[in-house]
Amino acid sequence: MKFRTWDINLKVRLFGEALLDISFWMVFPFLTIYFSESIGRELTSLLLIISQVLAVFTALLGGYFADNFGRKRMMSISVIGEGFGFLVFAIGALHVVDSPYLSFAGFAIASVFMAFYQPASQAMIADVVPPEHRTHIYSVFYMMINIAVVIGPILGSVLFYNFTTETLLAIVCADLLLLFLLQKFGHETAPLLVNPDLQKEVVRKSIGAVLLEQLKNYKVIFKDKIFFLYIIAGIIVSQAFMQLDLLFPLYIKEVIGASNLFAFHFTGEQLFGVIVSINGFFVAALTVVVTRWMSHFREKFVFMNSSFLYAVAIFLFGISTGPWGAICAIILFSFAELMTVGLQQPFVSQLAPEDKRAMYFSAAGLRYTLGKVIAPLAITLSTLIGYTGTFTIIGVLALVSGLIYYYMYSEFEKQRKVS
């Protein structure tokens, strides 16, 4: 599907979200350091958990709002809310205000509204792109996100700490630009809004009814033993890869610190920006190659060894006292991530009955949403038992997830033989 044939909604989103993602990744990886320095690790950990719990409930409602109130409308509301949140963050960061709690409130507001954006955005692609071209379009947007992960942290490592308020205001401006593009060039694609006949057939439900229905649906599908093990293993291993934005920046700043690398001198924050960018570069450059390579192996061993490699990377990171050890760890870490990128959605589609496929995919997202709720506890744990003990526990959890994946696939293979 050539770019010139793309629906205008897709072109607007690709440009606007590229700008927004680069702006976002200039800030997001450094927030753990920023808030830990101003309000302490324990409180930062608690507030991150609370903000992610709110985002979980928002994500549950995102699809409902996008279907009933429109993709364009919910994306616009999300962008406005995110921009407002970062504006509050910027005000709290002003020297005359200097309120980390106000800044965190702004970040929490932005997180909640960001959770509204993705369901509407993903649904819009399905609305305007024929099924045979969707994989290509999704891959283009995925590649764009990873390019942002490369560029954003490098810029942020220089700009965020030196020009905090200005950087946050730049994100607000990016939100306003995307809002303008959505309003000027975007058009509604939600079936319920573009087809009046469908509206007559649909009974609108209250928000409470939607939440209750979602919980009932999850209860039904979690009776699927294989799928339940898949979710549990995913939540456990997510504690490893989510530390890239939580524990890694603190460790690099406090333990590795300022370093010389490639004949350049980097502060701890700048070195972390380089580490995150290396991860983004590997994921952006090697996703297709590694996915094709992994297709030659049994999925049971791919998922298990991915978790084991996460464990090795975490252990290596936890004993690194210089930049090269951290770089070796992040390369292994990136490869562990790449091993399963192309296998997760196909596996869920194999498990899901046709009439419950969307439900299964939605529930599969709990690996990350619930993982985000638990992962910040590592920050508190590091203050109690130190970095070495914390990284050891996270590494052991990654090993446990690998064993669960192995058992899960063994049961899945037995199930397929019986059927």
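The values are calculated or read from the model by the stated rules, or taken from the named source; none is laboratory data. These figures come from a predicted structure and were not determined experimentally. Note: ideal-geometry Cβ built from the backbone for every residue, glycine included; neighbour counts use all protein chains shown. Each accessible area value is taken on the protein alone, full model and side chains, heavy atoms only, with ligands, DNA and RNA left out. Shrake-Rupley method; radii C 1.70, N 1.55, O 1.52, S 1.80 Å.
Results for (1) of a type outside the set (S, T, Y); (2) in contact with a Pro (Cβ under 9 Å, 6 or more places away or on another chain), shown as yes or no for each residue.
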| site | (1), (2) |
| --- | --- |
| F266 | yes, yes |
| F272 | yes, yes |
| N305 | yes, no |
| F315 | yes, no |
| S320 | no, no |
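Six or more apart or on different chains, Cβ under 8 Å: which pairs go from a residue in the range 4-31 that's among the basic types (K, R) to one that's open to solvent by 20 Å² or more (accessible area, probe 1.4 Å)? Could you list them? Sorted first by the residue in the range 4-31, then by its partner, the pairs are K11/F3; K11/F185. Residues that are free of Cβ contacts under 8 Å to residues at least 60 places away in the same chain and either touching a Leu at 6+ places or on another chain (Cβ under 7 Å) or within 20 Å of V400 (Cβ to Cβ) (or both): does the range 250-262 have at least one? The answer is no, given that none of the residues of the range 250-262 is free of Cβ contacts under 8 Å to residues at least 60 places away in the same chain and either touching a Leu at 6+ places or on another chain (Cβ under 7 Å) or within 20 Å of V400 (Cβ to Cβ) (or both). For the residues I275, I256, I231, I235, the requirement of being in contact with a Gly (Cβ under 6 Å, 6 or more places away or on another chain) and hydrophobic (A, V, I, L, M, F, W, C) singles out I235.
Pairing each residue of the range 43-60 that is farther than 24 Å from A120 by Cβ with any residue that is assigned to a helix (DSSP H, G or I) and small (G, A, S), provided the two are 6+ apart or on different chains, yields C-beta distances under 7 Å for T44/S36. Restricting attention to the range 132-172 and to residues that are among the aromatic types (F, W, Y) and either crowded, with 20+ Cβ neighbours inside 10 Å or over 20 Å from P100 (Cα atoms) (or both), the residue that is nearest to the chain's Cα centre (by Cα) turns out to be Y142. Scan the range 372-388 and give yes if some residue there is in a helix (DSSP H, G or I), buried (at least 19 other Cβ atoms within 10 Å of the Cβ), small (G, A, S) and out of contact with any Gly (no Cβ under 7 Å at 6 or more places or on another chain), otherwise no. Yes, the range 372-388 has at least one match.
Evaluated against (1) assigned to a helix (DSSP H, G or I); (2) open to solvent by 30 Å² or more (accessible area, probe 1.4 Å); (3) farther than 23 Å from G156 by Cβ, L338 falls short on exactly one condition, (2).
Of the helices (runs of 4 or more DSSP H) lying entirely inside the range 239-327, the ones with 3 or more residues being open to solvent by 10 Å² or more (accessible area, probe 1.4 Å) are found at 268-294, 299-319.
Can you find even one residue in the range 114-135 that is free of Cβ contacts under 8 Å to residues at least 24 places away in the same chain, of a type in the set (S, T, N, Q) and touching a helix residue (DSSP H, G or I) at 6+ places or on another chain (Cβ under 9 Å)? Yes: one or more hits.
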